[in-house]
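A short write-up of the structure that comes next.
The values are calculated or read from the model by the stated rules, or taken from the named source; none is laboratory data. As the structure is a prediction and not an experimental result, all values here were calculated from the model. Because the Cβ atoms are built from the backbone with ideal geometry, glycine has one as well, and the counts that use them run over all protein chains shown. Heads up: the accessible areas ignore ligands, DNA and RNA and are worked out on the full protein's heavy atoms, side chains in. Shrake-Rupley method; radii C 1.70, N 1.55, O 1.52, S 1.80 Å.
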Amino acid sequence: MSLRSRVVDGEPLLGLILKIPSHSVVELAGHLGFDFVLLDTEHASGETVEVEHHIRAGDAAGIPLLVRVAGSDPSSALHALDAGAAGIVVPHVSTAADAEAAVRAAHYPPRGIRSLAVSTRAGRHGTSTLDEHLTRAANDTVVVVQAEDRQSVRNCAAIAATEGVDAVWIGPTDLSLSLGIPGEFEHADYRSAVDRITEAVKSAPRCSLCALVHRPEQIKEWRKRGAGILLFNYNTVVVDGLRNIVDRARE
């Protein structure tokens, strides 16, 4: 099954966010049994060639990659998808119109505005037929949007219900910043916003809830809340592990 089929079917999935460029970490995630890697090009370096190499490493280890694009510019989505990404993650989607724009950037006409070239890596360097490529793109391209602004809380139901949006990811840091309580994840306003987004996504047909998890103990909590997709940040896992080593060594 494609990653999109698994997302749409509501299968519990585990992803690893990668900000530090490393082809080997992509392979490692595949060997460990993660379901996908989310390569971040919004808050990390990631030129087109490097993105392609990471996706190639994923293919070698049997793990698909989503690419978080830098913004709403359709060319960012085009480059990631032409490189062979399984889909895109679009930040700061605050309205249904933003969500529709994300879907249009990810898909070919008549559904969207993605430019067509079968000679790309996604087209298997010209060895796929046009029909094969178009069918695969239409059926398998994942679109994840991020709800991480005050406005996205107000519009979360419409965002989640947008046709072609496969998942909504709650962006905790920017959401707290937009609410005027940066980093205060226990604040009543933040928790209320998260609850509102969570319920809206759970009520939307064929749309998965995506959440960032900091510790393994939080997995059960988020699964109970209906999150089908859980993300761990590679940086956080490594920093916490190394900090623990240093702290123990200095006791």
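Tabulated values for the structure
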| item | result |
| --- | --- |
| Estimated inter-spin distance, S5 and L242, nm [label 7 Å along Cα→Cβ] | 4.0 nm |
| Exposure ranking of Y234, Y190 by accessible area [1.4 Å probe, largest first] | Y234, Y190 |
| Under 14 Å, Cβ to Cβ, from G164 - net charge with Lys/Arg +1 and Asp/Glu -1 | 0 |
| Separation of the L116 and V49 label points, Cα + 7 Å toward Cβ, nm | 3.0 nm |
| Stretch gain in nm, segment D73-R196, where the contour uses 0.36 nm per residue and the Cα spacing is subtracted | 41.5 nm |
| Net +/- balance of residues flanking V93 in space, Cβ distance below 11 Å, scoring K and R +1, D and E -1 | -4 |
| Trypsin sites (Lys or Arg not before Pro) restricted to DSSP loop in region 161-250 with at most 16 other C-beta within 10 Å | R206, R225, R250 |
| Label point distance in nm, A249-I181, each placed 7 Å from Cα along Cα→Cβ | 3.9 nm |
| Charge-dipole axis of region 87-149 as Lys and Arg at +1 and Asp and Glu at -1 on Cβ define it, positive-most pick from A117, V142, A102 | A117 |
| Fluctuation leader among H53, H187, H23 - the chain, Gaussian network, Cα springs under 10 angstrom | H187 |
| Distance from region 36-57 to region 80-115 (C-alpha centre basis), Å | 17 Å |
| Residue-count net charge about R4 - beta-carbon cut-off 13 Å; Lys, Arg +1, Asp, Glu -1 | -2 |
